[in-house]
Amino acid sequence: MTMDDRSKYLFQRYLDNICSPKEWEELMGILENDEVLGNLFDETWNKNHGQINLQSSSPREHIRQAILERPKSRKPKKLLYYGLAAASLFGLFVLFQLISSNFRSFNSPVQKPLIQIADVDPGYSRAMLITGSGKKINLESLKINESMDLAGLKLHKLAEGWIKLETAADLYNQSLQNVIQTPKGGEFRITLSDGSEVMLNASTKFTFPARFSPQERSVSILGEGFFDVKNKDRAGKPQAPFVVHTLNHDVRVLGTAFNIQSYPGQSKDFTTLIRGVVKIGINNKEGKVLHPGEQAMVSTLGDIRVNKVDLEEVTAWKEGLFLFNDKPLEVLMEEISRWYDVDLLYVGKRKALELFGVYSRKKSLKSLLSNLEQTGKIKFEMLSNQNIKNKERRVTVRIKYL
């Protein structure tokens, strides 16, 4: 029996409350090794929860820190050492039970029991408009060529299916801010009152005023959008600078086309220039100028890095495609999660896996995942909680590296 097997054996006897005094003393000596202590926890956790890859903020790390961060005397007495070791062991047991219970109850990424499902439909054009006065309009429900007058805003649904916005003549408050929000599994295209076009990707919030000021056309975005900004109005006169605010930076333009990705939870924002010139700034400070084909990565700490990128890959989503050139699987799965409105559950140890290919966003999820499985390095399973009463239907994609 190896030392690792012996420690597991002794620890299990301790949990079962059948550990003899001699075995307990032996276990105290083994637990002086921090690696053994961590392995014991991993073994116990995985036995109860399966091989789930827990991140640094996982219960394991919190428990290990609580156990191991104790003052160490240079020359501890034997009795004191055993007391500390026993406290650590008891803490491991108690904290494991408490946090394990809480983890199962509150932090489980899926609802059980789950059932396998055949397929998931792709996303489609849909969005919600929330006016500055608080009124909500389901833009998907508007009919082609239908118009609607709201306080300070006029809507018209074009034959192509997107919305054209105009400032209403009866505008009573220029400071009104409107919001167009796409859900997971949705996208939408709009034409602003200045003639600029914006296409919003899934799970995106776009905020704009009922009327732009003469000094600056200011909007904000949380998510991803493609902008085609007009530098002249319908009469051919130059328009004010166009500024897009994101979580971490501002993009100042005159007339140009560019893509912005700024989702919550991302460590970086990405602005990619298609044509024209834009200036990337942070907190109204002078930033960096982008030229066509360049992408600015802006961190939450305010660092800006500029790189050359593949423009087709960046803008593929607005053309109805997934395009990935050596894209990490986890990045691609986040895009898939937003477009098909599914949750993700990684099972087992994650591995570095980069993918290459192109696929239509109009096809079903099963078709896409089946193609990814042909790499022989990944396995997917689609599960749903739809058999649980009074629960919102959610689909979870279980991901296992091979």
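Derivation of every value follows stated rules applied to the coordinates shown; laboratory data play no part. A quick note: this is a predicted structure, and the numbers were derived from the prediction, not measured. Note: ideal-geometry Cβ built from the backbone for every residue, glycine included; neighbour counts use all protein chains shown.
Taking the Cβ of each residue in ILE130, ILE190 as the centre, tally the other Cβ atoms inside 10 Å and list the residues starting with the fewest.
Placing the least packed residue first, the sequence is ILE130, ILE190.
Tell me, VAL358, VAL298, VAL179, VAL314 in order of fewest to most beta-carbon neighbours within 10 Å?
So the ranking, lowest neighbour count to highest, is VAL358, VAL179, VAL314, VAL298.
When the Kirkwood radius is taken over all Cα pairs of region 146-285, what Stokes-Einstein diffusion coefficient follows at 37 °C and 0.692 mPa s, in µm²/s? Present the calculation step by step, with values, prior to reporting the outcome.
On the way: Rh = 15.5 Å.
Here the translational diffusion coefficient equals 212 µm²/s.
Would you please name the GluC sites (Glu not before Pro) within region 172-264 that are DSSP coil residues with at most 16 other C-beta atoms within 10 Å of their C-beta?
GLU216
Which residues in region 222-240 place their backbone N less than 18 Å from a point set 7 Å from the Cα of LYS268 along the Cα-to-Cβ direction?
223-225
Going down the list LYS230/LYS327; LYS327/LYS363; LYS327/LYS379, which pairs span over 28 Å between their C-alpha atoms? Numbers along the way, then the final one.
Details: LYS230/LYS327 32 Å; LYS327/LYS363 20 Å; LYS327/LYS379 17 Å.
Checking Cα-Cα distances, LYS230/LYS327 exceed 28 Å.
7 Å from Cα along Cα→Cβ at both LYS232 and ASP119: what's the point-to-point distance in nm?
Placing both labels 7 Å beyond Cα along the Cβ direction yields 4.9 nm.
Let's test the formula: R0 of 45 Å, r as the Cβ-Cβ distance of ARG305 and SER133. What FRET efficiency results, to the nearest 0.05?
Computed FRET efficiency for ARG305 and SER133 comes out at 0.60.
Near GLU146, within a Cβ-to-Cβ distance under 15 Å, what is the net charge of the other residues, with Lys and Arg +1 and Asp and Glu -1?
0
Residue by residue, what Karplus-based ³J(HN,Hα) values in Hz, rounded to whole numbers, does region 158-165 have, using 6.51, -1.76 and 1.60 with θ = phi - 60° and x for Gly and Pro?
Result, rounded to whole Hz: 7, 4, 6, x, 9, 9, 9, 9.
Can you tell me the order of 365-371, 240-246 when each peptide is scored by its average per-residue count of other Cβ atoms within 10 angstrom, highest first? Mind showing how you got there, number by number?
On the way: 365-371: 16.3, 240-246: 19.0.
By packing density, highest mean first, the sequence is 240-246, 365-371.
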